[in-house]
Amino acid sequence: MVVPKQMKYFLLVLFSVFMVACSSNQTKKGNAESDVSIPEAVSGAETSGLGEASGIETGSSYSDMSFDSLTKTIYFGFDRSVITSDSKMALDKVVAFMKAGNKSLRLEGHTDERGSREYNMALGERRGNAVKDYLVAKGVPSSRLEVISYGEEKPAVRASNESAYAKNRRVEIKLN
């Protein structure tokens with residue numbers, strides 16, 4: 001069976017639309033959402049941990065790093081505590097910093113204002129523990145990491161819109 005060229009294009013477009021529809025963010029009941037990437041509101045320099053945006057030139061050695069040069073905020077999707085690939089790259093630099101010295105870190109988990117206080121405290125803790133687990137898996141001693149959840153109590157941005165929510169869903173990394 002010979003398929004006309006126009007039919008091939010139509011099937012390709014139909015398949016593409018199907019794939020996009022299957023991968024779109026779908027809100028579940030309650031306070032959950034499917035896996036999402038970092039929202040545009042916090043994408044780019046704030047989350048990459050690479051190049052000039054983080055103060056580390058590409059190609060510089062990890063031994064030249066200072067704490068101030070690291071990306072210290074890790075962002076999360078709505079109701080998520082999954083570390084993104086961009087965040088993993090930034091956290092790998094935190095691992096190198098931690099291995100080069102004997103510092104301790106405090107990992108402060110935060111959420112946006114949606115959800116109950118109790119739920120948000122637990123979510124902030126899950127986010128902090130996700131960062132801790134990643135760092136420990138890469139060789140940072142657990143005893144040098146402390147997780148604290150602030151839930152919705154300390155927003156980075158005081159507003160009730162998606163841009164503010166995206167910036168409030170975070171773990172802040174601080175020297176202890």
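What is the range 65-175's relative contact order, in percent, from Cα pairs under 8 angstrom and six or more apart in sequence?
Worked out over the range 65-175, it gives 38 percent.
Which shape class, rounded, prolate or oblate, goes with the range 88-176 when its Cα gyration tensor gives a ≥ b ≥ c as root eigenvalues, a/c under 1.5 marks rounded, and past that a/b bigger than b/c marks prolate?
prolate
Quick note: the coordinates plus some simple rules give every number you see, no bench work behind them. From a predicted model like this one, the values you see are computed outputs, not experimental measurements.
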